[in-house]
């Protein structure tokens with residue numbers, strides 16, 4: 001099968017799992033063309049040779065929201081009668097004038113995607129977004145392009161309007177957590193307006209996140225409490241709650257430190273909070289790191305904590321669990337589908353720094369419990385949360401198209 005994987009703003013700092021998916025699809029014998037709307041801002045661009053190589057191959061379609069409607073009018077004038085009728089039908093399905101304008105603004109990028117599909121003989125487009133990129137795929141299909149499928153990565157209300165239209169025309173849908181299903185149904189308004197849905201979490205590469213015996217022994221002999229988290233510097237990630245939890249633990253006399261991996265617009269606010277709580281030198285903002293660097297930081301840590309206020313499931317948590325770290329996570333979104341409280345991690349309510357501190361203290365005081373949870377967590381990720389499992393479910397969801405092009 002010739003597949004186009006459409007990823008907004010590729011390569012972003014959280015796109016490692018997209019790259020693994022593309023590599024595994026190619027390894028399975030499928031031809032993959034990577035496409036994107038536009039590159040990410042420089043400070044959010046992923047680093048590394050693999051990302052650089054894929055970015056050079058990536059086809060950038062143009063950012064739809066920045067294109068004038070005049071370009072759409074010019075494209076409409078060049079279309080044959082059948083594509084014009086298809087676009088007219090889409091416009092009639094739009095719920096508002098603003099949706100109609102948004103659709104027309106997608107025409108240049110949709111035409112570019114349809115043209116790309118014809119040049120490369122693409123059989124299917126899989127879209128890792130339900131926002132503009134999904135509308136681009138919808139428009140491309142109306143212009144004679146291939147069928148498309150969607151992956152929902154977080155709550156549907158994060159992706160704007162026209163959800164009924166986007167999902168009605170999709171041939172398949174994947175959810176990274178089952179917890180996202182009801183919100184999607186509510187947004188579409190009718191379960192019959194959805195394609196078949198498959199739960200397929202974005203997974204990790206277990207070979208890249210495996211603790212060595214030497215690292216395991218070094219961690220066991222450590223005396224300090226090294227806490228790590230990984231996520232964009234954004235208020236929704238709850239890093240400020242984790243900083244406050246660290247302040248409480250330090251106030252008890254514990255030799256605790258916190259490393260925050262990630263970059264983003266919330267840096268200055270977090271720096272001010274760290275300074276105000278007299279945690280300079282104890283809490284570090286490490287910035288964006290490559291996958292090997294993240295792996296090594298996890299190996300040198302004792303506890304992983306993620307204080308998100310909203311999280312679909314959490315690939316960073318999967319990576320920490322694979323590295324045999326006990327995890328403390330907030331009970332939001334579909335996180336409970338990964339972490340079983342008291343068995344493969346500890347769960348707390350969001351927005352509660354004291355509860356986060358209590359959970360981290362429990363793991364620090366009871367190292368046997370921490371090791372038991374860590375071992376169980378690593379086993380759980382290896383059994384059901386790898387990139388290979390994700391790709392198998394994706395190909396199963398696209399089953400008819402895969403089988404028809406396999407012969």
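In the chain, helical runs assigned H by DSSP with n ≥ 4 each contribute -39500 (n - 2.57); averaged across all residues and rounded to the nearest 500, the mean residue ellipticity at 222 nm is -14500 deg cm²/dmol.
How large is the direction-averaged shadow of the alpha-carbon convex hull of region 213-384, in nm²? Don't skip to the end; give the middle numbers.
On the way: hull surface 35.5 nm².
Result: 8.9 nm².
Remark: 386, 362 ranked as 362, 386, counting other beta-carbon atoms within 10 Å and listing the fewest first.
What is the order of 31, 213, 343, fewest Cβ neighbours within 10 Å to most? Walk me through the numbers on the way to the answer.
Working: 31 15, 213 7, 343 12.
Arranged by neighbour count, lowest to highest, 31, 213, 343 become 213, 343, 31.
Based only on other Cβ atoms within 10 Å, what is the fewest-to-most ordering of 364, 302? Please list the in-between numbers first.
Values: 364 19, 302 22.
With the sparsest Cβ surroundings first, the list reads 364, 302.
If you line up the long axis of helix 132-142 against the longest principal axis of the chain, both from Cα atoms, how many degrees apart are they, to the nearest 10? Helix 132-142 sits roughly 30 degrees off the main axis of the chain. Potential lengthening of the chain between residue 267 and residue 371 amounts to 34.2 nm, from the contour at 0.36 nm per residue minus the alpha-carbon distance.
Summary of the geometry: region 224-290 and region 168-182, compared by the centres of their Cα atoms, lie 34 Å apart.
Plainly put, the chain has a radius of gyration that is 1.01 times its Kirkwood radius, both from alpha-carbon atoms, as the Rg/Rh ratio.
Taking 1 over the mean of 1/r across every pair of different Cα atoms in region 321-366, what Kirkwood radius in Å do you get? Show your work: numbers first, answer last.
On the way: mean 1/r = 0.0921 Å⁻¹.
Kirkwood radius, region 321-366: 10.9 Å.
Residues of region 305-331 with an amide N closer than 11 Å to a point placed 7 Å from the Cα of residue 362 along the Cα-to-Cβ direction: 328-329. Quick one: grab the alpha carbon gyration tensor of region 185-303, order the square roots of its eigenvalues as a ≥ b ≥ c, and give me rounded if a/c is under 1.5, else prolate or oblate depending on whether a/b is larger than b/c. In terms of gyration-tensor shape, oblate.
Summary of the geometry: region 104-160 and region 299-344, compared by the centres of their Cα atoms, lie 32 Å apart. Stokes-Einstein diffusion for region 260-313 at 37 °C, viscosity 0.692 mPa s, with a Kirkwood radius from C-alpha pairs, works out to 256 µm²/s. So how tilted is helix 267-276 from the main axis of the chain? Cα-based, degrees 0 to 90, rounded to 10. Approximately 20 degrees, to the nearest ten. The C-alpha atoms of the chain define a longest principal axis, and helix 367-384 lies at about 20 degrees to it.
None of the figures in this text is laboratory data; all of them are computed from the coordinates on show. Because the structure is a prediction, the values reported are computed rather than measured. Positions of Cβ are generated from backbone atoms using ideal geometry, with glycine treated the same way; all protein chains shown enter the neighbour counts.
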